[in-house]
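The values are calculated or read from the model by the stated rules, or taken from the named source; none is laboratory data. Since the model is a prediction, treat every value here as computed from it, not as a measurement. Because the Cβ atoms are built from the backbone with ideal geometry, glycine has one as well, and the counts that use them run over all protein chains shown. Accessible surface areas use protein heavy atoms only, side chains included; no ligands, DNA or RNA. Shrake-Rupley method; radii C 1.70, N 1.55, O 1.52, S 1.80 Å.
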Amino acid sequence: MKPSVARIVHYVLPNGAHRPAIITCVPLISECPDQVNLQVFLDGGNDDVPANQGTTWVRGARYDETGMVGNSWHWPERIDNENPSRV
């Protein structure tokens, strides 16, 4: 899949936690085709941010298929409805 504006992805915080994000821009940089700008939705006190600052902008986030690299994004994991563990 190719990233495009308004797609929902997962952003990996520096501490490894995953948060939902919306792609706001896909820069036209040929050297970094999977680099995007994101609006990340934080989890308030769980992310050590004030309640009125529940989102943050991230520019130039790079794609990481493993979903383990901090400050990166990846496509949401698929969930099997028959088996709630991650697929």
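Within segment 65-81, the set of residues being open to solvent by less than 30 Å² (accessible area, probe 1.4 Å) and more than 17 Å from Pro20 (Cβ to Cβ) is empty.
Checking Glu77 against (1) assigned to a loop (DSSP other than H, G, I, E, B); (2) modelled with pLDDT of 90 or more: exactly one of these is not met. Which one? Every condition holds for Glu77 apart from (2).
Only residues that are among the small types (Gly, Ala, Ser) and surrounded by 16 or more Cβ atoms within 10 Å (Cβ to Cβ) were counted across segment 1-24, and they come to 1.
For segment 30-64, the set of residues classified as over 13 Å from Pro3 (Cα atoms), open to solvent by 80 Å² or more (accessible area, probe 1.4 Å) and either in a loop (DSSP other than H, G, I, E, B) or at pLDDT below 80 (or both) consists of Ser30, Glu31, Asp48, Ala51, Asn52, Gln53, listed by residue number.
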